[in-house]
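Throughout, read-outs are computed from the coordinates displayed, never taken from laboratory work. Predicted, not measured: the structure shown is a model, and the values here were computed from it. Reconstructed Cβ throughout: ideal geometry from the backbone, glycine too, with neighbour counts over all protein chains shown.
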Amino acid sequence: MTQGARHVAIIMDGNGRWAKKRLLPRVAGHKAGVEAVRTIVRAAGDMGLEALTLYAFSSENWKRPEEEVSDLMGLMKRFILSDLDEFAANDVKLKVIGNWRALAPDVVAMIDNALERTSGNKRTTLAVALNYGAQDELVRAASAAAAAGAITAEAIEAHLDTADMPPLDLLIRTSGEVRLSNFLLWQSAYAELYFTDKLWPDFAPADLQAALDQFARRERRYGGL
Ligand code: FPP
């Protein structure tokens, strides 16, 4: 029997197109994207999800124009700072995955503080992927496994950034693109995939509910019959 999803991940795509449709600068799309993040984090808790992982900044996103990179970093900083009270109110524990310790020292310090301040929260874990790339994660996990003695699937899994999270059940990508873009490649091995044409700023709790409903109707076989 299919159980309800515990861990959902989202590739939040389409901010730029959302802004373009409105003749607005791309940063306006990212700002609207942050609003969607707030709404969806709240809804995820209400819908009983234990964990939500969001692809906020990939290791490839550095290739974007300098101004857009700095807009995105600024938005992320403001989100983490200004939503600490909101996290407390909604019992959200923050987690950051990816090579985030390589970011600017002020960002690293701010994240460390936010992780510490939310570490006692229990209802939902919000994992933000920052400077994340799945191939990089796998190289780090395999190296750590080798250093500990053996490269087995279990050892790699134990060293993934998501090691302390429930298994990934459902991976959603918005905006009509149908690819994984180096996100959670190991964790997606048995995850259900859900693609929607909605642009990320337009993705609402009802859309998350529709994805969860579809997940509940799918029968997962893990390679069996
Ligand atoms: C994809 O849209 C979106 C991103 C690269 C960044 C996602 C970031 C946010 C939603 C805001 C910050 C996140 C958090 C967790 C506060 P795109 O720019 O690739 O859109 P396009 O494909 O339409 O150009």
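One line per residue, one yes/no per condition, for (1) hydroxyl-bearing (Ser, Thr, Tyr); (2) over 29 Å from THR118 (Cα atoms):
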position: SER143; (1), (2): yes, yes
position: ILE151; (1), (2): no, yes
position: ALA155; (1), (2): no, no
position: ALA158; (1), (2): no, no
position: ALA163; (1), (2): no, no
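Hey, can you tell me all the residues within the stretch 139-162 that are more than 24 Å from the chain's Cα centre (by Cα) and β-branched (Val, Ile, Thr)?
ILE151, THR152
Does the stretch 101-108 contain any residue that is in a loop (DSSP other than H, G, I, E, B) and in contact with a Leu (Cβ under 6 Å, 6 or more places away or on another chain)? Give the steps one after another, and end with the answer.
From the stretch 101-108, those in a loop (DSSP other than H, G, I, E, B) are 103-104; that's our starting set.
Checking the rest, the ones that are also in contact with a Leu (Cβ under 6 Å, 6 or more places away or on another chain) come to none.
Within the stretch 101-108, not a single residue is in a loop (DSSP other than H, G, I, E, B) and in contact with a Leu (Cβ under 6 Å, 6 or more places away or on another chain).
Name the pairs whose Cβ atoms lie under 6 Å apart, with the first residue in the stretch 66-80 and closer than 15 Å to ASN15 by Cβ and among the basic types (Lys, Arg), the second assigned to a helix (DSSP H, G or I) and near the ligand (Cβ under 8 Å from one of its atoms), and 6 or more positions between them or separate chains?
Nothing qualifies.
Could you list, in sequence order, the residues of the stretch 6-42 that are closer than 16 Å to PHE203 by Cβ, more than 9 Å from the ligand (Cβ to nearest atom) and among the small types (Gly, Ala, Ser)?
Listed by number, the list holds a single entry, ALA9.
Among the residues of the stretch 4-59, count how many are assigned to a strand (DSSP E or B) and aliphatic (A, V, I, L, M).
8
How many of the residues in the stretch 216-225 are part of a helix (DSSP H, G or I) and at positive phi? Walk me through how you get there before you give the answer.
If we filter the stretch 216-225 for residues that are part of a helix (DSSP H, G or I), which is where we start, we get 216-217.
Applying the additional criterion that residues be at positive phi yields none.
Residues flagged as part of a helix (DSSP H, G or I) and at positive phi within the stretch 216-225 amount to 0.
Which residue out of ALA204, ALA211, ALA189 is under 17 Å from the mean Cα position of the chain (by Cα) and crowded, with 18+ Cβ neighbours inside 10 Å? Please lay out each step first, then the result.
On the way: ALA204 fails: crowded, with 18+ Cβ neighbours inside 10 Å; ALA189 fails: crowded, with 18+ Cβ neighbours inside 10 Å.
Being under 17 Å from the mean Cα position of the chain (by Cα) and crowded, with 18+ Cβ neighbours inside 10 Å holds for just one of ALA204, ALA211, ALA189, which is ALA211.
Return yes or no: is VAL96 of a type in the set (Val, Ile, Thr), more than 26 Å from ALA141 (Cα to Cα), within 14 Å of the chain's Cα centre (by Cα) and crowded, with 21+ Cβ neighbours inside 10 Å?
When the stated conditions are applied, VAL96 does not pass them.
Every residue in the stretch 43-90 that is closer than 18 Å to PRO201 by Cβ, within 9 Å of the ligand (Cβ to nearest atom) and not acidic (Asp, Glu), please.
Scanning the stretch 43-90 gives LEU54, TYR55, ALA56, PHE57, ASN61, ARG64, LEU72, LEU75, MET76, ARG78, PHE79.
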